[in-house]
1. Any residue that is at pLDDT below 95, more than 17 Å from the chain's Cα centre (by Cα) and closer than 28 Å to residue 349 by Cβ - is there at least one of those in segment 159-167?
2. For segment 232-266, how many residues are under 28 Å from residue 319 (Cα atoms), exposed (fewer than 14 other Cβ atoms within 10 Å of the Cβ) and either out of contact with any Lys or Arg (no Cβ under 9 Å at 6 or more places or on another chain) or touching a residue at least 40 places away in the same chain (Cβ under 8 Å) (or both)?
3. Before we move on, is residue 217 more than 16 Å from the ligand (Cβ to nearest atom), at pLDDT 95 or above and open to solvent by 10 Å² or more (accessible area, probe 1.4 Å)?
4. Taking helices (runs of 4 or more DSSP H) that do not extend beyond segment 1-87, which have at least 1 residues that are aliphatic (A, V, I, L, M), free of Cβ contacts under 8 Å to residues at least 40 places away in the same chain and within 30 Å of residue 424 (Cβ to Cβ)?
5. Can you confirm whether segment 297-307 contains a residue that is closer than 18 Å to residue 56 by Cβ and in contact with a strand residue (DSSP E or B) (Cβ under 7 Å, 6 or more places away or on another chain)?
6. In segment 267-305, which residues are surrounded by fewer than 20 Cβ atoms within 10 Å (Cβ to Cβ) and under 30 Å from residue 363 (Cβ atoms)?
7. Looking at 120, 108, which one is of a type outside the set (Phe, Trp, Tyr) and under 18 Å from residue 179 (Cβ atoms)?
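The values are calculated or read from the model by the stated rules, or taken from the named source; none is laboratory data. Just so we're clear, the structure is a prediction, and the values are computed from it rather than from any experiment. Quick reminder, even Gly has a Cβ in these numbers, built from the backbone with ideal geometry, and neighbours come from all protein chains shown. Heads up: the accessible areas ignore ligands, DNA and RNA and are worked out on the full protein's heavy atoms, side chains in. Shrake-Rupley method; radii C 1.70, N 1.55, O 1.52, S 1.80 Å.
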Amino acid sequence: MSQLPLRAQLASALGRTAATLSRATGRGDGSVIGGRVGLALEPDLLRQLAQDRKLALVSATNGKTTTTRLITSALQDLGDVATNAFGANMPAGHVSALSSAKDAPYGVLEVDEKYLPEVVDTTGAGVIVLMNLSRDQMDRAAEIWLLAQKWRRALAGRNVHVIANADDPLVTWGASTAARVTWVSAGQPWKEDSWCCPECGGPLDRKGLDYVPPGGHVSGVPGQSTQAENDWACRECSFRRPAPSWILDGEAAIDPQGRRWTLDIQLPGRANRANAVIALATAEAFGLPVERALPRLREVRSVAGRYTTVERDGRQARLLLAKNPAGWLEAFDVLDPALPVILSVNAQGPDGRDTSWLWDVDYRVLRGRPVYVTGERRLDLALRLDVADVPFQLMGSFGQALAAQPPGKVDVIANYTAFQQIRSEFGRAV
Ligand SMILES: [Zn+2]
(Lines give C-alpha, C1' and ligand atoms only; values in the text may rest on other atoms or scores of the structure.)
Protein backbone atom coordinates (compact mmCIF):
# COMPACT_ATOMS: atom_id res chain seq x y z
CA MET A 1 0.00 0.00 0.00
CA SER A 2 1.29 3.49 -0.78
CA GLN A 3 2.48 5.65 2.07
CA LEU A 4 0.01 8.14 3.58
CA PRO A 5 0.92 11.84 3.36
CA LEU A 6 2.66 13.10 6.51
CA ARG A 7 -0.32 15.14 7.72
CA ALA A 8 -2.61 12.11 7.38
CA GLN A 9 -0.10 9.90 9.20
CA LEU A 10 0.01 12.38 12.07
CA ALA A 11 -3.80 12.79 12.19
CA SER A 12 -4.21 9.03 12.14
CA ALA A 13 -1.65 8.50 14.92
CA LEU A 14 -3.14 11.20 17.15
CA GLY A 15 -6.59 9.76 16.61
CA ARG A 16 -5.39 6.34 17.74
CA THR A 17 -3.81 7.95 20.83
CA ALA A 18 -7.10 9.67 21.65
CA ALA A 19 -8.92 6.34 21.26
CA THR A 20 -6.43 4.61 23.58
CA LEU A 21 -6.81 7.35 26.19
CA SER A 22 -10.59 7.14 25.93
CA ARG A 23 -10.51 3.36 26.47
CA ALA A 24 -8.05 3.70 29.35
CA THR A 25 -10.35 6.15 31.12
CA GLY A 26 -13.33 3.87 30.67
CA ARG A 27 -15.22 5.95 28.10
CA GLY A 28 -16.19 3.21 25.72
CA ASP A 29 -14.13 1.64 22.96
CA GLY A 30 -12.81 5.03 21.76
CA SER A 31 -13.46 4.46 18.07
CA VAL A 32 -15.69 7.51 17.64
CA ILE A 33 -13.54 10.01 19.56
CA GLY A 34 -10.37 8.74 17.85
CA GLY A 35 -11.89 9.20 14.42
CA ARG A 36 -13.18 12.66 15.30
CA VAL A 37 -9.74 13.78 16.42
CA GLY A 38 -8.22 12.43 13.20
CA LEU A 39 -10.84 14.13 11.00
CA ALA A 40 -10.44 17.44 12.85
CA LEU A 41 -6.72 17.44 12.03
CA GLU A 42 -7.10 16.19 8.46
CA PRO A 43 -10.60 16.47 6.95
CA ASP A 44 -9.47 14.37 3.98
CA LEU A 45 -8.31 11.53 6.25
CA LEU A 46 -11.04 9.00 5.41
CA ARG A 47 -10.37 9.27 1.67
CA GLN A 48 -6.63 8.87 2.20
CA LEU A 49 -7.02 5.90 4.56
CA ALA A 50 -9.38 4.21 2.11
CA GLN A 51 -7.10 4.60 -0.90
CA ASP A 52 -5.54 1.45 -2.33
CA ARG A 53 -7.71 -0.89 -0.26
CA LYS A 54 -10.39 -3.26 -1.42
CA LEU A 55 -13.45 -2.06 0.51
CA ALA A 56 -16.98 -3.29 1.05
CA LEU A 57 -19.62 -0.99 2.58
CA VAL A 58 -22.61 -2.64 4.27
CA SER A 59 -25.89 -0.78 4.79
CA ALA A 60 -29.44 -1.69 5.81
CA THR A 61 -32.02 -0.90 8.46
CA ASN A 62 -31.47 -4.28 10.15
CA GLY A 63 -28.62 -6.78 10.20
CA LYS A 64 -25.76 -4.56 9.09
CA THR A 65 -23.58 -5.15 12.17
CA THR A 66 -23.98 -8.92 11.89
CA THR A 67 -23.46 -9.01 8.12
CA THR A 68 -20.37 -6.79 8.41
CA ARG A 69 -19.03 -9.32 10.89
CA LEU A 70 -19.83 -12.29 8.64
CA ILE A 71 -18.21 -10.71 5.57
CA THR A 72 -15.15 -9.74 7.64
CA SER A 73 -14.83 -13.30 8.88
CA ALA A 74 -15.00 -14.62 5.30
CA LEU A 75 -12.51 -12.13 3.84
CA GLN A 76 -9.96 -12.93 6.56
CA ASP A 77 -9.34 -15.98 4.41
CA LEU A 78 -7.73 -13.59 1.89
CA GLY A 79 -5.75 -11.36 4.26
CA ASP A 80 -6.05 -8.75 7.02
CA VAL A 81 -9.38 -6.92 7.15
CA ALA A 82 -10.05 -3.52 8.72
CA THR A 83 -13.57 -3.26 10.17
CA ASN A 84 -15.69 -1.18 12.55
CA ALA A 85 -16.58 -4.10 14.78
CA PHE A 86 -18.19 -1.94 17.46
CA GLY A 87 -20.92 -0.60 15.20
CA ALA A 88 -19.52 2.97 15.03
CA ASN A 89 -21.02 3.34 11.57
CA MET A 90 -20.46 6.98 10.66
CA PRO A 91 -17.31 8.55 9.13
CA ALA A 92 -15.48 9.01 12.47
CA GLY A 93 -15.94 5.29 13.12
CA HIS A 94 -14.68 4.46 9.62
CA VAL A 95 -11.56 6.58 10.11
CA SER A 96 -10.91 4.81 13.36
CA ALA A 97 -11.41 1.35 11.83
CA LEU A 98 -9.08 1.98 8.89
CA SER A 99 -6.54 3.81 11.00
CA SER A 100 -6.23 0.97 13.51
CA ALA A 101 -5.52 -1.56 10.73
CA LYS A 102 -3.21 0.58 8.61
CA ASP A 103 -1.76 -2.24 6.54
CA ALA A 104 -4.89 -4.33 6.03
CA PRO A 105 -5.46 -4.67 2.26
CA TYR A 106 -9.21 -5.27 2.81
CA GLY A 107 -11.86 -3.32 4.66
CA VAL A 108 -15.48 -4.09 5.55
CA LEU A 109 -17.36 -1.10 6.92
CA GLU A 110 -20.86 -0.96 8.36
CA VAL A 111 -22.40 2.32 7.18
CA ASP A 112 -25.41 4.16 8.56
CA GLU A 113 -28.06 4.30 5.79
CA LYS A 114 -28.13 8.08 5.77
CA TYR A 115 -24.35 8.37 5.47
CA LEU A 116 -24.02 5.85 2.66
CA PRO A 117 -23.87 8.38 -0.26
CA GLU A 118 -21.17 10.41 1.49
CA VAL A 119 -19.10 7.35 2.44
CA VAL A 120 -19.41 5.82 -1.05
CA ASP A 121 -18.11 9.08 -2.45
CA THR A 122 -15.29 9.57 0.05
CA THR A 123 -13.94 6.03 0.18
CA GLY A 124 -14.48 5.06 -3.45
CA ALA A 125 -15.39 1.57 -2.17
CA GLY A 126 -15.70 -1.01 -4.94
CA VAL A 127 -18.32 -3.25 -3.31
CA ILE A 128 -21.57 -1.99 -1.75
CA VAL A 129 -23.92 -4.34 0.14
CA LEU A 130 -27.58 -3.26 0.47
CA MET A 131 -29.92 -5.52 2.43
CA ASN A 132 -33.23 -4.00 3.58
CA LEU A 133 -34.95 -0.70 4.24
CA SER A 134 -37.87 -0.34 6.63
CA ARG A 135 -39.27 2.14 9.08
CA ASP A 136 -37.09 2.74 12.11
CA GLN A 137 -38.07 4.48 15.34
CA MET A 138 -37.87 7.84 13.66
CA ASP A 139 -38.28 7.08 9.99
CA ARG A 140 -41.53 6.55 8.19
CA ALA A 141 -42.19 5.37 4.66
CA ALA A 142 -41.64 8.78 3.00
CA GLU A 143 -38.24 9.16 4.64
CA ILE A 144 -36.96 5.75 3.62
CA TRP A 145 -38.12 6.40 0.05
CA LEU A 146 -36.02 9.59 0.07
CA LEU A 147 -33.12 7.57 1.44
CA ALA A 148 -33.39 5.05 -1.40
CA GLN A 149 -33.47 7.93 -3.87
CA LYS A 150 -30.20 9.25 -2.42
CA TRP A 151 -28.69 5.77 -2.82
CA ARG A 152 -29.70 5.80 -6.50
CA ARG A 153 -27.96 9.11 -7.10
CA ALA A 154 -24.86 8.02 -5.20
CA LEU A 155 -24.50 4.77 -7.16
CA ALA A 156 -25.32 6.10 -10.65
CA GLY A 157 -22.37 6.31 -13.02
CA ARG A 158 -19.93 4.83 -10.52
CA ASN A 159 -17.69 1.85 -11.02
CA VAL A 160 -19.10 -0.22 -8.15
CA HIS A 161 -20.31 -3.77 -7.72
CA VAL A 162 -23.50 -3.77 -5.65
CA ILE A 163 -24.78 -6.84 -3.81
CA ALA A 164 -28.48 -6.21 -3.14
CA ASN A 165 -31.55 -7.96 -1.78
CA ALA A 166 -33.92 -8.34 -4.75
CA ASP A 167 -36.82 -9.29 -2.44
CA ASP A 168 -36.95 -5.78 -0.96
CA PRO A 169 -38.55 -3.49 -3.58
CA LEU A 170 -37.12 -0.30 -2.08
CA VAL A 171 -33.58 -1.74 -1.90
CA THR A 172 -33.94 -2.95 -5.49
CA TRP A 173 -34.97 0.52 -6.57
CA GLY A 174 -32.13 2.11 -4.57
CA ALA A 175 -29.56 -0.26 -6.09
CA SER A 176 -30.73 -0.38 -9.67
CA THR A 177 -28.82 2.65 -10.98
CA ALA A 178 -25.52 0.86 -10.26
CA ALA A 179 -23.55 -0.38 -13.25
CA ARG A 180 -23.23 -3.89 -11.83
CA VAL A 181 -25.56 -5.59 -9.36
CA THR A 182 -25.55 -9.14 -8.00
CA TRP A 183 -29.13 -9.78 -6.92
CA VAL A 184 -29.72 -11.96 -3.88
CA SER A 185 -33.08 -13.39 -2.87
CA ALA A 186 -32.67 -12.89 0.88
CA GLY A 187 -36.39 -12.65 1.74
CA GLN A 188 -38.47 -9.84 3.20
CA PRO A 189 -40.72 -10.91 6.10
CA TRP A 190 -41.60 -7.29 6.93
CA LYS A 191 -43.61 -5.94 4.00
CA GLU A 192 -45.46 -3.03 5.61
CA ASP A 193 -43.15 -0.45 4.04
CA SER A 194 -43.35 -1.74 0.50
CA TRP A 195 -46.91 -2.05 -0.70
CA CYS A 196 -46.31 0.78 -3.21
CA CYS A 197 -44.03 0.90 -6.23
CA PRO A 198 -41.09 3.22 -5.45
CA GLU A 199 -40.85 4.12 -9.15
CA CYS A 200 -44.45 5.19 -9.88
CA GLY A 201 -46.45 4.85 -6.64
CA GLY A 202 -48.68 2.11 -8.10
CA PRO A 203 -49.59 -1.02 -6.14
CA LEU A 204 -47.06 -3.85 -5.90
CA ASP A 205 -48.38 -7.34 -6.54
CA ARG A 206 -46.84 -10.22 -4.63
CA LYS A 207 -47.14 -13.72 -5.99
CA GLY A 208 -48.39 -16.48 -3.73
CA LEU A 209 -48.56 -14.08 -0.84
CA ASP A 210 -49.74 -15.72 2.36
CA TYR A 211 -49.08 -12.70 4.54
CA VAL A 212 -52.01 -10.59 5.66
CA PRO A 213 -51.56 -7.13 7.21
CA PRO A 214 -52.25 -6.65 10.97
CA GLY A 215 -55.92 -6.99 11.75
CA GLY A 216 -56.38 -9.67 9.12
CA HIS A 217 -56.04 -13.40 9.45
CA VAL A 218 -52.52 -14.77 9.84
CA SER A 219 -51.71 -17.95 8.04
CA GLY A 220 -48.40 -19.73 7.74
CA VAL A 221 -45.45 -19.21 10.04
CA PRO A 222 -44.19 -15.61 10.46
CA GLY A 223 -40.69 -15.23 9.09
CA GLN A 224 -40.92 -18.24 6.81
CA SER A 225 -41.30 -17.58 3.15
CA THR A 226 -41.20 -19.41 -0.11
CA GLN A 227 -39.55 -18.33 -3.35
CA ALA A 228 -42.91 -17.66 -4.98
CA GLU A 229 -43.87 -15.45 -2.09
CA ASN A 230 -40.74 -13.33 -2.52
CA ASP A 231 -41.62 -12.33 -6.08
CA TRP A 232 -43.13 -8.92 -6.68
CA ALA A 233 -44.03 -6.66 -9.59
CA CYS A 234 -45.64 -3.26 -10.08
CA ARG A 235 -49.14 -3.46 -11.49
CA GLU A 236 -48.77 -0.15 -13.33
CA CYS A 237 -45.21 0.15 -14.61
CA SER A 238 -42.36 -2.14 -15.69
CA PHE A 239 -40.61 -2.12 -12.30
CA ARG A 240 -40.37 -5.67 -10.98
CA ARG A 241 -38.14 -8.00 -9.01
CA PRO A 242 -34.92 -8.78 -10.88
CA ALA A 243 -33.99 -12.45 -11.25
CA PRO A 244 -31.74 -13.33 -8.29
CA SER A 245 -28.46 -15.18 -8.84
CA TRP A 246 -28.14 -16.18 -5.16
CA ILE A 247 -31.15 -17.55 -3.28
CA LEU A 248 -31.87 -18.20 0.38
CA ASP A 249 -34.04 -21.32 0.29
CA GLY A 250 -35.05 -22.41 3.77
CA GLU A 251 -31.92 -23.68 5.51
CA ALA A 252 -29.75 -23.46 2.39
CA ALA A 253 -28.09 -21.01 0.03
CA ILE A 254 -28.31 -21.66 -3.70
CA ASP A 255 -25.33 -20.19 -5.58
CA PRO A 256 -25.31 -18.84 -9.17
CA GLN A 257 -24.30 -22.30 -10.45
CA GLY A 258 -27.38 -23.79 -8.80
CA ARG A 259 -25.42 -25.63 -6.12
CA ARG A 260 -27.08 -25.95 -2.69
CA TRP A 261 -25.09 -25.13 0.45
CA THR A 262 -26.57 -25.88 3.87
CA LEU A 263 -26.21 -22.78 6.05
CA ASP A 264 -25.18 -24.59 9.21
CA ILE A 265 -24.03 -21.39 10.89
CA GLN A 266 -24.05 -20.80 14.65
CA LEU A 267 -26.07 -17.57 14.56
CA PRO A 268 -29.77 -18.46 14.90
CA GLY A 269 -32.82 -17.67 12.79
CA ARG A 270 -33.97 -16.78 9.30
CA ALA A 271 -32.52 -13.25 9.43
CA ASN A 272 -29.02 -14.62 10.01
CA ARG A 273 -29.35 -17.12 7.16
CA ALA A 274 -30.30 -14.12 5.00
CA ASN A 275 -27.24 -12.26 6.28
CA ALA A 276 -25.11 -15.33 5.51
CA VAL A 277 -26.24 -15.72 1.90
CA ILE A 278 -25.53 -12.02 1.35
CA ALA A 279 -22.07 -12.52 2.92
CA LEU A 280 -21.40 -15.44 0.56
CA ALA A 281 -22.37 -13.36 -2.48
CA THR A 282 -20.11 -10.55 -1.23
CA ALA A 283 -17.21 -12.93 -0.63
CA GLU A 284 -17.57 -14.13 -4.21
CA ALA A 285 -17.34 -10.52 -5.42
CA PHE A 286 -13.89 -10.51 -3.76
CA GLY A 287 -12.99 -13.73 -5.55
CA LEU A 288 -13.55 -15.99 -2.53
CA PRO A 289 -15.50 -19.15 -3.41
CA VAL A 290 -18.29 -20.56 -1.19
CA GLU A 291 -16.27 -23.57 -0.10
CA ARG A 292 -13.75 -21.22 1.51
CA ALA A 293 -16.17 -18.55 2.75
CA LEU A 294 -18.80 -20.77 4.39
CA PRO A 295 -16.48 -22.39 7.00
CA ARG A 296 -15.48 -18.84 8.03
CA LEU A 297 -19.14 -17.86 8.56
CA ARG A 298 -19.58 -20.83 10.87
CA GLU A 299 -16.91 -19.41 13.19
CA VAL A 300 -19.08 -16.41 14.14
CA ARG A 301 -20.96 -17.17 17.37
CA SER A 302 -22.20 -13.80 18.56
CA VAL A 303 -21.97 -10.22 17.35
CA ALA A 304 -21.60 -7.30 19.80
CA GLY A 305 -23.42 -9.27 22.50
CA ARG A 306 -26.33 -10.35 20.31
CA TYR A 307 -27.35 -13.99 20.84
CA THR A 308 -25.07 -14.31 23.87
CA THR A 309 -26.42 -15.67 27.12
CA VAL A 310 -26.25 -14.00 30.53
CA GLU A 311 -26.66 -16.08 33.65
CA ARG A 312 -27.83 -15.49 37.20
CA ASP A 313 -28.90 -17.98 39.86
CA GLY A 314 -29.30 -20.82 37.42
CA ARG A 315 -31.33 -18.82 34.89
CA GLN A 316 -29.75 -18.52 31.45
CA ALA A 317 -31.12 -15.63 29.42
CA ARG A 318 -30.41 -15.49 25.69
CA LEU A 319 -30.32 -11.88 24.45
CA LEU A 320 -31.95 -10.80 21.20
CA LEU A 321 -31.77 -7.19 20.03
CA ALA A 322 -34.75 -5.72 18.15
CA LYS A 323 -34.84 -2.02 17.40
CA ASN A 324 -37.80 -1.59 15.05
CA PRO A 325 -40.87 -3.49 13.79
CA ALA A 326 -38.97 -5.51 11.16
CA GLY A 327 -36.39 -6.43 13.81
CA TRP A 328 -39.11 -7.68 16.19
CA LEU A 329 -40.50 -9.91 13.48
CA GLU A 330 -37.04 -11.43 12.92
CA ALA A 331 -36.55 -11.87 16.68
CA PHE A 332 -39.89 -13.74 17.00
CA ASP A 333 -38.57 -16.17 14.39
CA VAL A 334 -35.56 -16.97 16.60
CA LEU A 335 -37.56 -17.59 19.83
CA ASP A 336 -37.62 -21.10 21.19
CA PRO A 337 -41.37 -21.94 21.30
CA ALA A 338 -40.89 -24.03 24.44
CA LEU A 339 -39.39 -21.19 26.49
CA PRO A 340 -40.79 -18.17 28.33
CA VAL A 341 -39.84 -14.76 26.94
CA ILE A 342 -38.94 -11.47 28.62
CA LEU A 343 -39.62 -8.30 26.59
CA SER A 344 -37.89 -5.07 27.59
CA VAL A 345 -38.56 -1.72 25.95
CA ASN A 346 -36.92 1.64 26.72
CA ALA A 347 -37.38 5.01 25.03
CA GLN A 348 -34.08 6.82 25.49
CA GLY A 349 -32.25 8.77 22.77
CA PRO A 350 -30.95 5.87 20.67
CA ASP A 351 -34.30 4.03 20.94
CA GLY A 352 -36.39 7.02 19.84
CA ARG A 353 -38.69 8.71 22.39
CA ASP A 354 -41.83 7.79 20.51
CA THR A 355 -42.93 4.19 21.09
CA SER A 356 -45.92 4.26 18.73
CA TRP A 357 -44.03 1.79 16.50
CA LEU A 358 -44.92 -0.87 19.10
CA TRP A 359 -48.38 -0.85 17.47
CA ASP A 360 -46.90 -1.88 14.12
CA VAL A 361 -45.76 -5.26 15.43
CA ASP A 362 -48.04 -8.31 15.37
CA TYR A 363 -47.51 -9.99 18.77
CA ARG A 364 -50.01 -12.83 18.40
CA VAL A 365 -47.20 -15.33 17.78
CA LEU A 366 -46.38 -14.94 21.51
CA ARG A 367 -49.69 -16.46 22.61
CA GLY A 368 -49.34 -19.73 24.45
CA ARG A 369 -46.03 -19.06 26.18
CA PRO A 370 -45.26 -17.18 29.41
CA VAL A 371 -44.52 -13.53 28.58
CA TYR A 372 -42.87 -11.05 30.99
CA VAL A 373 -42.81 -7.32 30.24
CA THR A 374 -40.31 -4.83 31.62
CA GLY A 375 -38.31 -1.69 30.69
CA GLU A 376 -39.15 2.02 30.97
CA ARG A 377 -42.01 1.71 28.52
CA ARG A 378 -43.44 -1.53 29.88
CA LEU A 379 -46.89 0.04 30.22
CA ASP A 380 -46.96 1.00 26.51
CA LEU A 381 -46.01 -2.53 25.55
CA ALA A 382 -48.45 -4.02 28.09
CA LEU A 383 -51.37 -2.11 26.56
CA ARG A 384 -50.36 -3.28 23.08
CA LEU A 385 -50.16 -6.93 24.22
CA ASP A 386 -53.49 -6.64 25.99
CA VAL A 387 -55.16 -5.44 22.79
CA ALA A 388 -53.57 -8.37 20.91
CA ASP A 389 -54.92 -10.83 23.55
CA VAL A 390 -51.44 -11.95 24.58
CA PRO A 391 -51.39 -12.82 28.32
CA PHE A 392 -48.36 -11.37 30.16
CA GLN A 393 -46.93 -10.42 33.55
CA LEU A 394 -45.69 -6.92 34.26
CA MET A 395 -42.32 -6.79 36.07
CA GLY A 396 -40.57 -3.83 37.75
CA SER A 397 -37.16 -4.65 36.34
CA PHE A 398 -35.31 -7.15 34.19
CA GLY A 399 -33.76 -8.61 37.39
CA GLN A 400 -37.22 -9.29 38.81
CA ALA A 401 -38.40 -10.80 35.55
CA LEU A 402 -35.39 -13.12 35.51
CA ALA A 403 -35.87 -14.11 39.15
CA ALA A 404 -39.50 -14.99 38.41
CA GLN A 405 -38.38 -17.73 36.02
CA PRO A 406 -37.84 -21.32 37.01
CA PRO A 407 -34.14 -22.25 36.76
CA GLY A 408 -33.22 -22.92 33.12
CA LYS A 409 -33.40 -21.07 29.87
CA VAL A 410 -35.35 -17.97 28.91
CA ASP A 411 -35.34 -15.80 25.77
CA VAL A 412 -35.09 -12.01 25.97
CA ILE A 413 -36.03 -9.44 23.31
CA ALA A 414 -34.91 -5.92 24.10
CA ASN A 415 -34.54 -2.68 22.20
CA TYR A 416 -31.27 -0.79 22.06
CA THR A 417 -30.71 0.82 25.47
CA ALA A 418 -32.65 -1.93 27.27
CA PHE A 419 -30.30 -4.45 25.67
CA GLN A 420 -27.20 -2.45 26.69
CA GLN A 421 -28.51 -2.11 30.27
CA ILE A 422 -29.03 -5.85 30.59
CA ARG A 423 -25.57 -6.53 29.17
CA SER A 424 -23.86 -4.09 31.54
CA GLU A 425 -25.82 -5.19 34.62
CA PHE A 426 -25.77 -8.93 34.03
CA GLY A 427 -22.52 -8.63 32.15
CA ARG A 428 -20.16 -11.48 31.80
CA ALA A 429 -21.39 -13.54 28.91
CA VAL A 430 -21.24 -17.29 29.50
ZN1 LIG B 1 -44.57 1.14 -10.76
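1. To start, the set of residues in segment 159-167 that are at pLDDT below 95 comprises 159.
Subsequent filtering for residues that are more than 17 Å from the chain's Cα centre (by Cα) retains 159.
Keeping just the survivors that are closer than 28 Å to residue 349 by Cβ gives none.
No: segment 159-167 contains no residue that is at pLDDT below 95, more than 17 Å from the chain's Cα centre (by Cα) and closer than 28 Å to residue 349 by Cβ.
2. Summing the residues that are under 28 Å from residue 319 (Cα atoms), exposed (fewer than 14 other Cβ atoms within 10 Å of the Cβ) and either out of contact with any Lys or Arg (no Cβ under 9 Å at 6 or more places or on another chain) or touching a residue at least 40 places away in the same chain (Cβ under 8 Å) (or both) in segment 232-266 gives 1.
3. Spelling it out, it is not the case that residue 217 is more than 16 Å from the ligand (Cβ to nearest atom), at pLDDT 95 or above and open to solvent by 10 Å² or more (accessible area, probe 1.4 Å).
4. Values: elements: 6-24, 31-41, 45-50, 64-75.
So the answer is 6-24, 31-41.
5. The initial filter retains those residues of segment 297-307 that are closer than 18 Å to residue 56 by Cβ, namely 297, 300, 303.
Retained after the next criterion (residues that are in contact with a strand residue (DSSP E or B) (Cβ under 7 Å, 6 or more places away or on another chain)): none.
Taking every residue of segment 297-307 in turn, none turns out to be closer than 18 Å to residue 56 by Cβ and in contact with a strand residue (DSSP E or B) (Cβ under 7 Å, 6 or more places away or on another chain).
6. Listed by number, the residues that qualify are 268, 269, 301, 302, 304, 305.
7. Values: 108 fails: under 18 Å from residue 179 (Cβ atoms).
Answer to the selection: 120.
Listed here are the residues, each with its yes/no results for (1) out of contact with any helix residue (DSSP H, G or I) (no Cβ under 6 Å at 6 or more places or on another chain); (2) within 16 Å of the ligand (Cβ to nearest atom); (3) free of Cβ contacts under 8 Å to residues at least 12 places away in the same chain.
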{"site": "144", "(1), (2), (3)": "yes, no, no"}
{"site": "149", "(1), (2), (3)": "yes, yes, no"}
{"site": "156", "(1), (2), (3)": "yes, no, no"}
{"site": "170", "(1), (2), (3)": "no, yes, no"}
{"site": "180", "(1), (2), (3)": "yes, no, no"}
{"site": "187", "(1), (2), (3)": "no, no, no"}
{"site": "194", "(1), (2), (3)": "no, yes, no"}
{"site": "202", "(1), (2), (3)": "yes, yes, no"}
